[in-house]
Amino acid sequence: MHFFKSGSSDAHSKSDTSKSTGERAETAALHFLTTHGLKLITQNYRVPCGEIDLIMEDKGIIAFIEVRYRKRSNFGSGAETVTYNKQKKLTKAALHFIQKHPKLSKRNFRFDVISMSLKGDQFKIDWIDNAFEPTLNY
């Protein structure tokens, strides 16, 4: 478990939308991962079959990363919300990315999940690398 300061001085401001909190969480996740040696390839890769929050390189391995922020953990962590259906969408989007970038197709890849929550003005970050195997059943 790691903590990173939120990008806002008032993390619970009434004008703070869930989208901006999500964007701050994704920015904090990116900062966290880069401090751990990963290099950003692209962010918010969108295709009709899904979206991948972060695509990064980690020692030659392509990491497809889903960032999940939960305001409360009453109903489970952010990682627990990466359902089988979400895994299928991530897998399809990753395959699309690999097909569009043939130079990267020879590399190994994995699916990571960054689960985040807010504690005061800091994000609590749990990084699950290789969180699931690609789901190829369509």
Name the one entry in R72, R107 that is exposed (fewer than 13 other Cβ atoms within 10 Å of the Cβ) and either among the hydroxyl-bearing types (S, T, Y) or at pLDDT 90 or above (or both). R107
Tally the residues that are of a type in the set (K, R) and at pLDDT below 95, restricting the search to segment 110-138. 2
Out of the residues in segment 1-34 that are out of contact with any strand residue (DSSP E or B) (no Cβ under 9 Å at 6 or more places or on another chain) and of a type in the set (V, I, T), state the one that is modelled with the lowest pLDDT. T17
Among the numbered criteria (1) modelled with pLDDT of 85 or more; (2) closer than 18 Å to D129 by Cβ, which single criterion is violated by A79? (1)
Quick check on segment 22-42: of everything there that is hydroxyl-bearing (S, T, Y) and under 14 Å from I125 (Cβ atoms), which residue is farthest from the chain's Cα centre (by Cα)? T35
Identify all residues within segment 110-128 that are in contact (Cβ under 8 Å) with a residue 60 or more places away in the chain, buried (at least 18 other Cβ atoms within 10 Å of the Cβ) and small (G, A, S); write none if there are none. none
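The values are calculated or read from the model by the stated rules, or taken from the named source; none is laboratory data. This one's a predicted model, so the numbers in the text were calculated from it and none came from an experiment. Virtual Cβ from ideal backbone geometry, glycine too; neighbours counted across all protein chains shown.
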